[in-house]
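**Q** Got a structure here, written out as structure tokens. Questions coming.
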Amino acid sequence: MGTGTSIGRVRGLGAAKEGTHHWWRQRLTAGLNIALMSWLLLSLARLSGYDLASVRLWIGSPWVAIPLALLVANVFYHFRLGLQVVIEDYQHDETRVVLMVLLNVYTVVLAATAIFSVLRIAFTGAPR
Amino acid sequence: MLVSIIHRALGVGMALVGAPLLTWWLAAAATGGETYATFLDVFTTEAGALNVIGYVIFIGLSWAVLQHMMSGIRHLVLDTGAGYELRRNKRGALLTMVLSALLTVLFWAYLLGIK
């Protein structure tokens, strides 16, 4: 521990020992989610069809692939932060650590798969 | 209170059901062929319309997104320290449910009406 007064050492840190870091990132991703998810809902509603050709043509455009990849990153990071709070609220001791590791693995594997899929469609071009 | 619990439940639900579904859809579209046909087959009839599973999942998911978004916006407002008076707080909570229901109906009216 530092050499400051005891109040100085804990001020702004709180029970999780990392201050407002988690709280702030959750709000930032929440704000971005409003824009990204509104875009997704409107785009899905206006999509000409949901067959393979239409979907690939849609994702093939950089105006879709880029926001879609950003949406996956932002939404998945947001749910990782949210589920962390749920785990911290209801689980303690070893279970908490195990679930946190599983949550991280789950989030990263899903996000990597989703973003890779978007890029694969974007880079391999028009439907075959 | 109720809206706050719903917010958390829907967040967990979307993380465990919505995120894998979105990933499955994108991965199936990237793989193509039978993989995408399997995805469509689970949620649609042979004629191409949504089947019962499709309606339940996608209406549920769209409502979940909109309700979580509305109660999320409410939480962002509450974060500023505003809206804690009992009557205003309750009105805000009710408003999230009214708005999410309304937007879900509009979304599906547009989807099913235009196409």
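**Q** So which pairs qualify, if the first residue must be in the range A:48-65 and more than 16 Å from B:Thr31 (Cβ to Cβ) and at pLDDT 95 or above, the second must be outside any loop (DSSP other than H, G, I, E, B) and among the polar types (S, T, N, Q), the Cβ gap must be under 8 Å, and the two must be at least 6 apart or on different chains?
**A** A:Trp58/A:Ser43; A:Val64/A:Ser43
**Q** May I ask you to list the residues in the range B:30-89 that are within 22 Å of A:Gly82 (Cβ to Cβ) and acidic (Asp, Glu)?
**A** B:Asp79
**Q** I'd like the full set of residues that are more than 7 Å from chain A (Cβ to nearest Cβ), in a helix (DSSP H, G or I) and of a type in the set (Gly, Ala, Ser), limited to the range B:21-48.
**A** B:Ala28, B:Gly33, B:Ala37
**Q** Name the helices (runs of 4 or more DSSP H) wholly within the range A:27-128 that hold at least 3 residues that are among the β-branched types (Val, Ile, Thr) and surrounded by fewer than 18 Cβ atoms within 10 Å (Cβ to Cβ)?
**A** Output list reads A:62-90, A:93-124.
**Q** Right, another one. Please pick out the residue among B:Gly18, B:Gly81, B:Gly92, B:Gly60 that is more than 8 Å from chain A (Cβ to nearest Cβ), over 19 Å from A:Gly49 (Cβ atoms), not in a helix (DSSP H, G or I) and not charged (D, E, K, R).
**A** So the residue among B:Gly18, B:Gly81, B:Gly92, B:Gly60 that is more than 8 Å from chain A (Cβ to nearest Cβ), over 19 Å from A:Gly49 (Cβ atoms), not in a helix (DSSP H, G or I) and not charged (D, E, K, R) is B:Gly81.
**Q** Considering only the range B:99-115, state which residues are surrounded by 12 or more Cβ atoms within 10 Å (Cβ to Cβ) and of a type in the set (A, V, I, L, M).
**A** Residues satisfying the conditions are B:Leu99, B:Ala101, B:Leu102, B:Leu103, B:Val105, B:Leu106, B:Leu111.
**Q** Okay, moving on. What about B:Tyr55, is it among the aromatic types (Phe, Trp, Tyr), surrounded by fewer than 16 Cβ atoms within 10 Å (Cβ to Cβ) and either under 29 Å from A:Arg56 (Cα atoms) or modelled with pLDDT of 95 or more (or both)?
**A** yes
**Q** Could you tell me how many of the residues in the range A:17-37 are under 30 Å from B:Leu111 (Cα atoms) and more than 8 Å from every other protein chain (Cβ to nearest Cβ)?
**A** Residues in the range A:17-37 being under 30 Å from B:Leu111 (Cα atoms) and more than 8 Å from every other protein chain (Cβ to nearest Cβ): 4 in total.
**Q** Now, a different point. Identify the single condition in (1) in a helix (DSSP H, G or I); (2) more than 7 Å from chain A (Cβ to nearest Cβ); (3) surrounded by fewer than 16 Cβ atoms within 10 Å (Cβ to Cβ) that B:Ser71 does not satisfy, given that it satisfies every other one.
**A** With respect to (1) in a helix (DSSP H, G or I); (2) more than 7 Å from chain A (Cβ to nearest Cβ); (3) surrounded by fewer than 16 Cβ atoms within 10 Å (Cβ to Cβ), B:Ser71 is out only on (3).
**Q** Can you tell which of B:Ala47, B:Ala27 is surrounded by 15 or more Cβ atoms within 10 Å (Cβ to Cβ), of a type outside the set (S, T, N, Q) and out of contact with any Phe, Trp or Tyr (no Cβ under 7 Å at 6 or more places or on another chain)?
**A** Among B:Ala47, B:Ala27, only B:Ala27 is surrounded by 15 or more Cβ atoms within 10 Å (Cβ to Cβ), of a type outside the set (S, T, N, Q) and out of contact with any Phe, Trp or Tyr (no Cβ under 7 Å at 6 or more places or on another chain).
The values are calculated or read from the model by the stated rules, or taken from the named source; none is laboratory data. Please read these numbers as outputs of a predicted model, since none were measured by experiment. FYI the Cβ positions are ideal-geometry reconstructions off the backbone, even for glycines, and counts take in every protein chain you see.
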